[in-house]
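J.: Handing you this structure, nothing more for now.
Each reported figure results from applying straightforward, stated rules to the coordinates on display, with no laboratory input. Only a predicted model underlies this, so the values are computations on that prediction, with no experimental measurement involved. Neighbour counts run over all protein chains shown; Cβ positions are idealised from the backbone, glycine included.
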């Protein structure tokens with residue numbers, strides 16, 4: 001993949017192994033980070049970028065796919081380190097990123113709390129506290145569906161709502177690469193929806209999977225799972241059909 005670098009970051013949380021895959025894009029003018037991990041992940045990002053020979057201080061832009069804490073957790077810290085960075089997000093996500101609206105994920109977690117079994121509540125309280133501690137950060141440019149950003153050979157904004165209302169995926173036409181954020185994830189080598197229990201709008205999420213089928217994709221990069229190995233079109237179609245069946 002020319003000028004496109006998945007940053008595989010492995011870490012432990014509560015004694016369990018996890019991984020995320022932010023992406024770096026680079027050309028002669030820009031170095032662009034797509035999503036930036038949990039709070040406190042600047043060192044992880046620096047080390048992952050260094051593996052590709054790319055110093056993180058070369059960053060010029062950050063594109064955020066949506067406002068979940070594992071995607072924006074280190075955004076404010078990165079802006080403190082590199083204050084000239086410009087942040088881009090969908091117009092529907094920007095208010096949740098800049099703090100002018102309460103996180104929808106936090107609202108969801110709080111509304112579900114009372115209905116949880118007692119044994120699940122300590123973990124839920126920890127999750128709510130982590131969401132409450134997330135730092136807001138400014139969004140300098142908002143985008144809408146179909147917009148073509150003139151950076152790194154062209155970046156097409158693909159609206160893929162469902163997980164959150166303003167969730168976007170990013171298509172690189174020159175290389176036929178789709179960066180999906182949480183529109184789809186890889187689990188046991190197969191594509192799936194990200195955390196269906198946390199998906200805010202399931203109908204939209206299913207339609208977003210169908211929408212990805214409209215694109216000629218040679219490589220698909222998921223935030224949870226990394227680079228998909230296999231026939232992308234076939235895997236997306238299989239997922240879409242399975243989701244349709246579950247919806248009845």
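J.: As a test of the formula, what do you get for the chain when each DSSP H run with n ≥ 4 contributes -39,500 (n - 2.57) and the sum is divided by the residue count, at 222 nm and rounded to the nearest 500 deg cm²/dmol? If you can, show how the numbers build up before the last one.
T.: Details: 8 runs with 74 residues, N = 248.
-8500 deg cm²/dmol, from helical runs alone.
J.: Need one number: nm distance between label points at residue 113 and residue 81, each 7 Å from Cα along Cα→Cβ, rounded to one decimal.
T.: If labels sit at residue 113 and residue 81, their model points lie 3.2 nm apart.
J.: Follow-up. For region 1-155, what is the percent of antiparallel DSSP beta bridges, rounded to the nearest 5?
T.: Taking every DSSP beta bridge with both residues in region 1-155, the antiparallel ones total about 60 percent.
J.: May I ask you to derive the relative contact order of the chain, considering only C-alpha pairs under 8 Å and at least 6 residues apart, and to give it as an integer percent?
T.: Values: 469 pairs, mean separation 38.6, N = 248.
Normalised by residue count, the contact order of the chain is 16 percent.
J.: For region 4-247, compute the orientation-averaged projected area of the C-alpha convex hull (one quarter of its surface), in nm².
T.: Projected over every direction and averaged, the Cα hull of region 4-247 covers 12.9 nm².
J.: Take the Cβ-Cβ distance between residue 176 and residue 43 as r, set R0 to 41 Å, and report the resulting FRET efficiency rounded to the nearest 0.05. Don't skip to the end; give the middle numbers.
T.: Details: r = 33 Å, r/R0 = 0.80.
Result of the calculation: an efficiency of 0.80.
J.: Rounded, prolate or oblate, given the Cα gyration tensor of region 91-234, with a/c below 1.5 counting as rounded?
T.: oblate
J.: Could you work out how far apart the two model spin labels at residue 60 and residue 12 are, taking each label as a point 7 Å from the Cα in the direction of the beta carbon, and quote it in nm?
T.: The answer from the label model is 4.0 nm.
J.: Let me ask another. Please say if region 1-103 is rounded, prolate or oblate, where rounded means a/c under 1.5 for a ≥ b ≥ c the square roots of the C-alpha gyration tensor eigenvalues, and otherwise the choice is prolate for a/b larger than b/c and oblate otherwise?
T.: It is oblate, given that a/c is not under 1.5 and a/b is not larger than b/c.
J.: Sort 18, 67 so that the residue with the fewest other Cβ atoms within 10 Å of its own Cβ comes first and the one with the most comes last. Provide the component values of the computation, followed by the final result.
T.: Values: 18 13, 67 29.
Ascending Cβ contact count within 10 Å gives the list 18, 67.
J.: May I pose another question? Order by neighbour count: 155, 69, fewest other Cβ atoms within 10 Å first, most last.
T.: Taking fewest neighbouring Cβ atoms as first place, the list is 69, 155.
J.: Now for a different question. Need the full-extension length gain, residue 19 to residue 242, defined as separation in residues times 0.36 nm minus the C-alpha distance. One decimal, nm.
T.: Working it through step by step, the gained length comes to 77.7 nm.
J.: Over all directions, how big on average is the projection of the convex hull of the alpha-carbon atoms in region 172-237, in square nanometres?
T.: Values: hull surface 16.7 nm².
Taking the Cα atoms of region 172-237, their convex hull projects to 4.2 nm² on average.
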